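Quick note: the coordinates plus some simple rules give every number you see, no bench work behind them. The model shown is predicted, which means the values in this text are computed figures rather than measured ones. For neighbour counting, all protein chains shown are included, and Cβ atoms are generated from backbone atoms with ideal geometry for every residue, glycine included.
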Amino acid sequence: MAGQSSWSTSVLNRVVFAAPADAELTPAPIPEHWIIEGAPQVRSKRLATCPDGAAAAIVWACTSGRFHWHYAVDEFLYIISGEVFVTDEKEVSRRLGPGDMAFFPAGGSSIWHVPHEVKKLAICKHHMPRPFAFALRVWTKLFRIFDADAESAALDSAPEPNGERAGVPAA
């Protein structure tokens, strides 16, 4: 499509296609007081955000170093390339490499040791208090019920390939 980058295409602001491994990243420095060792350089790019702003998909890359990481939001991550050794609050260390996935809850922290470089796709979601989460689930369920009825009505009134409408012969 003319005027669109090769790594992302958006259709009606609802569907986003992206190739995170090829995204053009911009600097996103780690706070200096989080750095334990080395001079890790972070680059990232937000690929997509939910319409309500509650969640986003971000590609993130970091050069070698060791640093604290504090999670302000819930984060699901998928390692695209490289590796990282993550030490949790109980001092349990785990290696994450290409194809590995992890979840870090909001409010937690860990120590990251990146030996060379790591690139990840992160899905970050703002934490929602339980009463709001329950209300959102109810709203979503109701929306699906009524939206399904609207979709069904639209399909019923759409002409069939033979020119007939559902159950109504062509004139």
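Below is a table of values for the structure above.
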{"item": "Exposure proxy ranking, count of Cβ atoms within 10 Å, fewest first, for Leu25, Leu142", "result": "Leu142, Leu25"}
{"item": "Within region 1-140: Cβ-based charge dipole about Cα centre, in debye rounded to nearest 20 (Lys, Arg +1; Asp, Glu -1)", "result": "380 debye"}
